[in-house]
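J.: Here it is, the structure in full.
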Amino acid sequence: MSAVNQGHVKQDISENGIATIEFGHPLSNSLPGKILDRLARAITAVGAQNDVQVIILKSAGERAFCGGASFDELIAINDEKTGLEFFSGFANVINAIRKCPKLVIGRVQGKAVGGGVGIASAVDYCFATKFSAVKLSELAVGIGPYVVGPAVQRKVGLSAFSQMTINATEFQTAEWAREKGLYMDIYDTAEEMDAGIDALAQKLAGSNPESMRKLKKVFWEGTETWDNLLKVRAAISGELVLSDFTKNAINAFKKK
């Protein structure tokens with residue numbers, strides 16, 4: 001089976017209203033377009049359910065949280081329309097989290113790259129392990145973090161976002177990410193992190209739903225233009241991915 005057709009998105013809702021949405025892919029939880037679409041739809045659908053009080057967003061496995069865009073799918077893009085559609089997948093996930101009326105807790109168990117950093121930045125409260133280093137690698141493959149940029153910059157500030165964007169081949173540590181505001185809490189093990197997530201989720205499940213809904217709107221004030229902004233950014237990436245420079249850079253990365 002082709003890598004672009006692999007992966008999963010699944011969801012579960014507990015009796016006390018704690019929903020868990022998990023995405024996964026055998027290649028370091030990278031995100032082909034089909035998985036991005038299913039993930040955005042799942043967040044929107046689960047967030048609309050009255051019996052859901054809080055959402056936990058996680059990825060499968062024990063090592064990488066998210067390897068970012070699917071290189072196999074990037075290489076296959078041969079026109080601007082297809083490029084726009086692919087990068088709009090990341091825009092749709094970020095906007096689904098942004099517009100979801102429920103608070104979204106992120107669970108980052110390992111390294112986050114590119115779009116993975118964007119997802120971690122978009123959640124309302126993010127837990128991580130000490131192994132959860134971050135890297136915005138887009139410039140190194142001839143593109144740039146245009147789509148995820150607004151979410152990352154909103155969370156860590158322009159200076160830290162610029163540092164990650166320009167120094168595109170270097171990972172920043174989980175502690176660095178916590179200091180910049182991307183992660184709220186860091187744990188030595190996934191088991192300890194899960195205990196922390198469960199404790200917070202249980203508290204939120206017993207909180208006033210209307211109050212949390214209104215707080216979510218407050219947290220995201222000033223982002224009302226993102227439906228259009230992220231689509232414009234997706235078009236930029238969709239154009240750049242067609243260049244010979246980018247295709248050669250991606251092929252070189254795949255061979256490492």
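The values are calculated or read from the model by the stated rules, or taken from the named source; none is laboratory data. The shown structure was predicted, so the numbers you read here are calculated from the model rather than taken from an experiment. A quick note on method: Cβ atoms are made from the backbone with ideal geometry, for glycine too, and the neighbour counts reach across all protein chains shown.
J.: Output yes when any residue across segment 60-72 is under 28 Å from residue 238 (Cα atoms), surrounded by fewer than 21 Cβ atoms within 10 Å (Cβ to Cβ), modelled with pLDDT under 95 and among the hydrophobic types (A, V, I, L, M, F, W, C), and no when none is.
T.: Within segment 60-72, one or more residues are under 28 Å from residue 238 (Cα atoms), surrounded by fewer than 21 Cβ atoms within 10 Å (Cβ to Cβ), modelled with pLDDT under 95 and among the hydrophobic types (A, V, I, L, M, F, W, C).
J.: Right, here's the next one. Taking segment 1-40, which residues are in contact (Cβ under 8 Å) with a residue 40 or more places away in the chain, surrounded by fewer than 18 Cβ atoms within 10 Å (Cβ to Cβ) and in a strand (DSSP E or B)?
T.: If the condition is that a residue be in contact (Cβ under 8 Å) with a residue 40 or more places away in the chain, surrounded by fewer than 18 Cβ atoms within 10 Å (Cβ to Cβ) and in a strand (DSSP E or B), then 8 is the only one that fits.
J.: Scanning for something surrounded by 20 or more Cβ atoms within 10 Å (Cβ to Cβ), under 26 Å from residue 83 (Cα atoms) and among the β-branched types (Val, Ile, Thr), does segment 150-162 turn up at least one residue?
T.: Yes, segment 150-162 has at least one match.
J.: Let me ask something else. Out of the residues in segment 204-223 that are farther than 18 Å from residue 51 by Cβ and basic (Lys, Arg), state the one that is surrounded by the fewest Cβ atoms within 10 Å (Cβ to Cβ). Walk me through it before giving the result.
T.: Initially, segment 204-223 is screened for residues farther than 18 Å from residue 51 by Cβ, giving 214-215, 217-223.
After this cut, where a residue has to be basic (Lys, Arg) as well, the list is 214, 217.
On the way: 214: 12, 217: 10.
Of everything passing the filter in segment 204-223, 217 is surrounded by the fewest Cβ atoms within 10 Å (Cβ to Cβ).
J.: May I ask you to verify whether residue 88 is of a type in the set (Ser, Thr, Tyr) and either closer than 17 Å to residue 67 by Cβ or in contact with a His (Cβ under 7 Å, 6 or more places away or on another chain) (or both)? So that I can check it myself, show each step before the final result.
T.: Values: of a type in the set (Ser, Thr, Tyr): yes; either closer than 17 Å to residue 67 by Cβ or in contact with a His (Cβ under 7 Å, 6 or more places away or on another chain) (or both): no.
No, not satisfied.
J.: Can you pull out the residues in segment 203-246 that are out of contact with any helix residue (DSSP H, G or I) (no Cβ under 8 Å at 6 or more places or on another chain) and under 30 Å from residue 142 (Cβ atoms)?
T.: Within segment 203-246, the subset out of contact with any helix residue (DSSP H, G or I) (no Cβ under 8 Å at 6 or more places or on another chain) is 203, 205-211, 213-219, 221-222, 224-225, 228, 232, 236, 243-245.
Within segment 203-246, 225, 228, 232, 236, 243, 244, 245 meet the criteria.
J.: Which numbered condition trips up residue 82, out of (1) part of a helix (DSSP H, G or I); (2) touching a helix residue (DSSP H, G or I) at 6+ places or on another chain (Cβ under 7 Å)?
T.: Single failed check for residue 82: (2).
J.: Another question, if that's okay. Would you please list the contacts, defined by Cβ atoms under 6 Å and residues six or more apart or on different chains, that run from a residue in segment 125-145 that is within 18 Å of residue 163 (Cβ to Cβ) and touching a residue at least 60 places away in the same chain (Cβ under 8 Å) to a residue that is polar (S, T, N, Q) and part of a loop (DSSP other than H, G, I, E, B)?
T.: Filtered contacts from segment 125-145: 140/169.
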